[in-house]
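No value in this document is a laboratory result; all are computed from the given coordinates. Remember, it's a predicted structure, so these values are computed and weren't measured experimentally.
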Amino acid sequence: MTELLAVAAITVLAVVSPGADFAMVVRNSYLHGRTTGVLAAAGVAAGVLVHVTYTMLGVGLLIASSTALFTAVKLAGAAYLIYIGVRTFLARADLDLDLSDRPGLSRFGALRSGFLTNALNPKTTLFVVATFTQVVGPDTALWQQAGYGLFMSTAHLGWFALVALFFSHSRLRGAMLRRQKALNRGIGSVLVGLGVTLGLAR
């Protein structure tokens, strides 16, 4: 019971802490609408399952014990955050967007953006690996570990779907689109800052 509560508490804190996934879902929601935002949220949740899967297979223990491998994963994730941050910062501010729910990205593109953001997100890597190596006991049944992983993914889906619903609201979305250039620069700067910070962190 203590283990379950610990996993739940850590998951909730990790999900709601702002990061690259939050910035990406917000931007997709206000630029391209509710459907795109929710699909991006589904991609974020799927990205969590990547970390859960390799951790349960034992790769997480290898990353935790191998400095070189962990550094490679961290740098790859940091480079991706910097890349999407620069793209967001330099994005045109004069997009002609329909405020209906018609997505500006393809369904696959929205899912892919969410998936890659979290599959390459060092914060998510640390969260999942640390939870399974520090909180979940070695004698915990495999089915229970899988349940923890599904809860982590579902929590991400629920939270970021709510974020997408909020930031795709027509009035808020219209206000954000009118300030699109400043928002793009703000979100882009946050993403680049996160990438640089994570890349330099020891």
Short to long, in 5 Å steps from zero, the percent of alpha-carbon pairs of the stretch 104-202 per bin is 2, 9, 12, 19, 19, 16, 11, 6, 4, 2, 0
Under the 0.36 nm per residue contour assumption, what length would be gained going from the current alpha-carbon distance of Ala79 and Leu172 to full extension?
30.4 nm
Tell me what the chain gives for mean residue ellipticity at 222 nm when only DSSP H runs of n ≥ 4 count, each as -39,500 (n - 2.57), the sum divided by the residue total, rounded to 500 deg cm²/dmol.
-26000 deg cm²/dmol
Report D for the stretch 123-167 in µm² per second (integer): Stokes-Einstein, Kirkwood Rh on Cα pairs, 20 °C, 1.002 mPa s.
182 µm²/s
How long are the three semi-axes of the equivalent ellipsoid of the stretch 152-202, in whole Å, if each is the root of 5 times an eigenvalue of the C-alpha gyration tensor, listed from largest down?
25, 21, 4
Per-residue ³J(HN,Hα) for the stretch 113-119, Karplus 6.51 cos²θ - 1.76 cosθ + 1.60, θ = phi - 60°, Hz, x for Gly and Pro
4, x, 4, 5, 4, 8, 5
Rounded to a whole number, what is D in µm²/s for the chain from Stokes-Einstein with the Kirkwood radius over alpha-carbon pairs (25 °C, 0.890 mPa s)?
142 µm²/s
